[in-house]
Structures are given as C-alpha cells and as structure tokens.
Amino acid sequence: MAMDLNWIWKAVLITFIGTFLLRIAGRKSISQMTLAQVVIMIGIGSLLIQPLAGKSIWVTFGVGITLVVTLVLMELLQLKSDIFEKLITGKSKILIENGKLNEDTLKKLRFTNDQLEMKLRQNSISSISDVKWATLEPNGQLGFELTEQAKSVTRKEWNLLFQEIQLLKIMIDPSCKPSHVSNNVGEGNLFTEVKNGKHTLKESPDEKLD
C-alpha cells in the first residue's frame, strides 16, 4: 500500500500561506496587539493545522484570508471613526495623576497596586511620586511621563550646559581653548543600517552573520 505523502506539500504550503497571512495581519508582538488582533492570530493558528487533520486546505485558506481581511477593515474603520476605535480597541486609562494613584480607575480595570508597581519597576521607576502621568494603554502596556525633577538630562540639554560652561571658561581665562563635544550622532548606528540596507559600523560583524 502506497504511503500517503500529501501531508508534505500541505505542510509546506501551510507554512508559506500562514506566514503571508500573518505578515499582512501585522508584525507586532503579542504584548503589543489589540484584542481584535489577538483573536485573529489565535483563529489563524487554529485554522492552519486543520488541513493536516483531513480538512479541506483551500477552505482553510479561504477562511484565513477572510479573517485577515476582516481585521484590516476593522483597523481602517478605527482610523475613520473614534467611536468605532473606542468600541473595538478601547481608550487609554489614567492610573497616576501628578504622583497620586487614581484608585477609582484601578478598581474599574481590576488592576491591583502590586500589578501597577510591577509595571513601574519594569520601567526603572522606583517611586510613584516621580510619575506625573501614567496610563494603561489598550494593548496592556504602561505609558508614563516623569516629573521634571525625575527626568533624565537629554543630550540637547547637556550640550547647552556644556556650551555655557565653555563660555564661562573663556570669560574667566580668554587664553584657554574650548573643548568640543562630538556631533557624530547617528553615524554608523544600527538604525541607519536599516535605512541604508548595509552595515556602516566600523566593527562590522562577521560576513557569515550578515
């Protein structure tokens, strides 16, 4: 009796079609997905295994395409309508305002203080009083803005301070030579590599890893 090898080409085809469908659906990680995207991804994952269990492969692909098209249409509708966006995705909720917990919102979201503190620690925030605003985003991530006292100094602010110090040094001692801050920001970094499509770092990785 000849062995049925149909499962081989089905598995290969499922891999290609499944990758294509998920690529259209989006490249976000699970933690960044909206509820609708998670539902579609789970649905596609469940569907793709059906042909190997004897189900029609073309019906499965048709259902998968329908799911992805539905998701794309839902996302387009969210761009056009705030009401639809609120209905499908939801809105951000304020958890902290001016260093104080919004306990009513926490209760409505069934979000405990310990869960909030865990998210703050994951973002290297050690004190709630350092947070000016904190919101729970529709994808479950924490958005926050630190108070002025807790914010880190930006490169722009540091350069302005450095220039003022150099001016003071020249005023005190006109013979001194001012120091310089390197302005080679963005040259050969990992993001310009993505834009240019090639390695620009001086210490490029082994060609085998390109």
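The values are calculated or read from the model by the stated rules, or taken from the named source; none is laboratory data. Since this is a predicted model, take the numbers as computed values, not measurements. Methodologically, a virtual Cβ is constructed for each residue, glycine included, from the backbone with ideal geometry; neighbour enumeration extends over all protein chains shown.
Observations on the model:
- Flag if Thr60 is of a type in the set (Val, Ile, Thr), farther than 30 Å from Lys132 by Cα and in contact with a Pro (Cβ under 9 Å, 6 or more places away or on another chain): yes
- Some residue of region 20-33 being over 25 Å from the mean Cα position of the chain (by Cα), modelled with pLDDT of 70 or more and exposed (fewer than 13 other Cβ atoms within 10 Å of the Cβ): no
- From Thr15, Thr70, Thr66, residue being part of a helix (DSSP H, G or I), over 23 Å from the mean Cα position of the chain (by Cα) and at pLDDT 75 or above: Thr66
- Residue match in region 152-159 (condition: of a type in the set (Ser, Thr, Tyr), over 21 Å from Ile94 (Cβ atoms) and loosely packed, with under 14 Cβ neighbours inside 10 Å): yes
- Residue in region 73-92 that is at pLDDT 80 or above and touching a strand residue (DSSP E or B) at 6+ places or on another chain (Cβ under 7 Å) present: yes
- Some residue of region 113-133 being in a loop (DSSP other than H, G, I, E, B), within 30 Å of Gln50 (Cα to Cα) and out of contact with any Gly (no Cβ under 9 Å at 6 or more places or on another chain): no
- When Asp104 is tested against the conditions (1) out of contact with any Leu (no Cβ under 8 Å at 6 or more places or on another chain); (2) surrounded by 11 or more Cβ atoms within 10 Å (Cβ to Cβ); (3) not in a loop (DSSP other than H, G, I, E, B), the lone failure is (2).
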